[in-house]
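The values are calculated or read from the model by the stated rules, or taken from the named source; none is laboratory data. None of the values given here were measured: they were computed from a predicted structure. In this analysis, Cβ positions are derived from the backbone assuming ideal geometry, glycine residues included, and neighbour counts consider all displayed protein chains. Ligands, DNA and RNA are excluded from the accessible area calculation, which covers all protein heavy atoms including side chains. Shrake-Rupley method; radii C 1.70, N 1.55, O 1.52, S 1.80 Å.
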Amino acid sequence: MKFKTTHYHFDLLKDEERISAFYEAIEDLSVNQELAYDLGCGSGILSFFLNSYFKEIIAIEQDVKASICAKKNLENFKNIKVINEDVFNYNFSKKSDLIVCEMLDTALIDEEEVPVLNHVRNYLKEDGRIIPQGIINIIELAHLERDYIHYDEDVSCEILSKPVIYDEINFLNEINPNFEKVITLKAKKDSSVNGLKITTVTKLNDNLVCGPTPMLNPPLLIPLNEKNVKCNDLINVKLKYIMGKGIGTIEANYY
Ligand SMILES: C[S@@+](CC[C@H](N)C(=O)[O-])C[C@H]1O[C@@H](n2cnc3c(N)ncnc32)[C@H](O)[C@@H]1O
């Protein structure tokens, strides 16, 4: 089947690792379920995968062009309804068996995954599931080449500490978007630290994780003041941000 897409959604479709992770997670569902919401459906690819598992799928997309593509791509599936709407303006009325929401980005800071899930979780049945199920955030000390917050899309950075898992989020639970924590990192050599690297791993379900891929959560690099450290020094860093409010909310300092 040939999918109509926008340029952005085409790049998402080309990311085979991302697409196959979602495909595998959906393949694991039981058939004959009642209702699934596909939030931020884009070109409609995930609703296409969901089609044979649900009697009804409501796919919501705020981008006009993407929603036109999704309507066209899914027109032969009578159980799928594509709605061009902001999730926050949609009048949810029924509880679903599944919510699919791929509005992910590194540490969930820049996209709307957290506010959207906090908004719709009431419309999930008690035994309902969410795909993806959650994320794991990992942090490392680094030496960066740029002195502003940026995503690591082929820029080099030297890793200077052991990795630490600093946060795990289960999407089934209400999420506090205000993140603030002091994290201790252990230097792995004598070096000059000037930043942090955050990596987010996506948990599709209990058995399936997907690391950063070209279009899913590229590592985030955050500058710090330059600091000389010795091997095995313990460095405390205070990290603060608001999930869903953008990378402008990030504050990071030695503590
Ligand atoms: C990363 S894309 C995923 C698209 C598609 N689900 C896929 O996996 O290829 C996220 C989509 O969510 C949409 N989106 C973001 N915030 C939204 C909102 N508040 N309401 C509806 N759609 C939204 C974006 O326009 C974008 O198409």
TODO: Return the residue satisfying two criteria in turn: it lies in the stretch 96-125 and is open to solvent by less than 20 Å² (accessible area, probe 1.4 Å) and assigned to a loop (DSSP other than H, G, I, E, B), and of such residues it is farthest from residue 34 (Cα to Cα).
DONE: 109
Task: Test: residue in the stretch 97-114 that is more than 9 Å from the ligand (Cβ to nearest atom) and farther than 28 Å from residue 199 by Cβ - done: yes
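Scan the stretch 24-35 residue by residue and report those that are part of a helix (DSSP H, G or I) and surrounded by fewer than 16 Cβ atoms within 10 Å (Cβ to Cβ). I'd like the intermediate steps shown before the answer.
Of the residues in the stretch 24-35, the ones part of a helix (DSSP H, G or I) are 24-27.
Hits for the stretch 24-35 are 24, 27.
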TODO: Filter the stretch 1-12 down to residues that are touching a helix residue (DSSP H, G or I) at 6+ places or on another chain (Cβ under 6 Å) and not β-branched (Val, Ile, Thr) and give me whichever is nearest to residue 63 (Cα to Cα).
DONE: 9
TODO: Starting from the stretch 55-66, take each residue that is under 16 Å from residue 95 (Cβ atoms) and list its partners that are open to solvent by 80 Å² or more (accessible area, probe 1.4 Å) and in a strand (DSSP E or B), counting only C-beta distances under 7 angstrom and pairs at least six apart or across chains.
DONE: 55/34; 56/34; 58/81
Task: Out of 2, 55, 65, sole residue that is modelled with pLDDT under 95 and either over 23 Å from residue 208 (Cα atoms) or away from the ligand (no atom under 12 Å from the Cβ) (or both) - done: 2
TODO: Check every one of the strands (runs of 3 or more DSSP E) wholly within the stretch 143-255 and list those with 2 or more residues that are at pLDDT 95 or above and of a type in the set (A, V, I, L, M, F, W, C).
DONE: 164-170, 178-186, 191-205, 208-210, 220-229, 234-242
- [ ] Go through the stretch 60-90 and give me each residue that's open to solvent by less than 20 Å² (accessible area, probe 1.4 Å) and under 18 Å from the mean Cα position of the chain (by Cα).
- [x] 60, 61, 87
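Look at residue 38 and say whether it is surrounded by fewer than 18 Cβ atoms within 10 Å (Cβ to Cβ) and either over 20 Å from the mean Cα position of the chain (by Cα) or within 11 Å of the ligand (Cβ to nearest atom) (or both).
Values: surrounded by fewer than 18 Cβ atoms within 10 Å (Cβ to Cβ): no; either over 20 Å from the mean Cα position of the chain (by Cα) or within 11 Å of the ligand (Cβ to nearest atom) (or both): yes.
No.
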Open item on the list: Going by what's in this entry, would residue 93 be described as of a type in the set (Gly, Ala, Ser), open to solvent by less than 70 Å² (accessible area, probe 1.4 Å) and either assigned to a loop (DSSP other than H, G, I, E, B) or free of Cβ contacts under 8 Å to residues at least 60 places away in the same chain (or both)?
Closed with: no
- [ ] Just give me the residues in the stretch 144-182 being open to solvent by 90 Å² or more (accessible area, probe 1.4 Å), among the polar types (S, T, N, Q) and in contact (Cβ under 8 Å) with a residue 40 or more places away in the chain, in sequence order.
- [x] 178
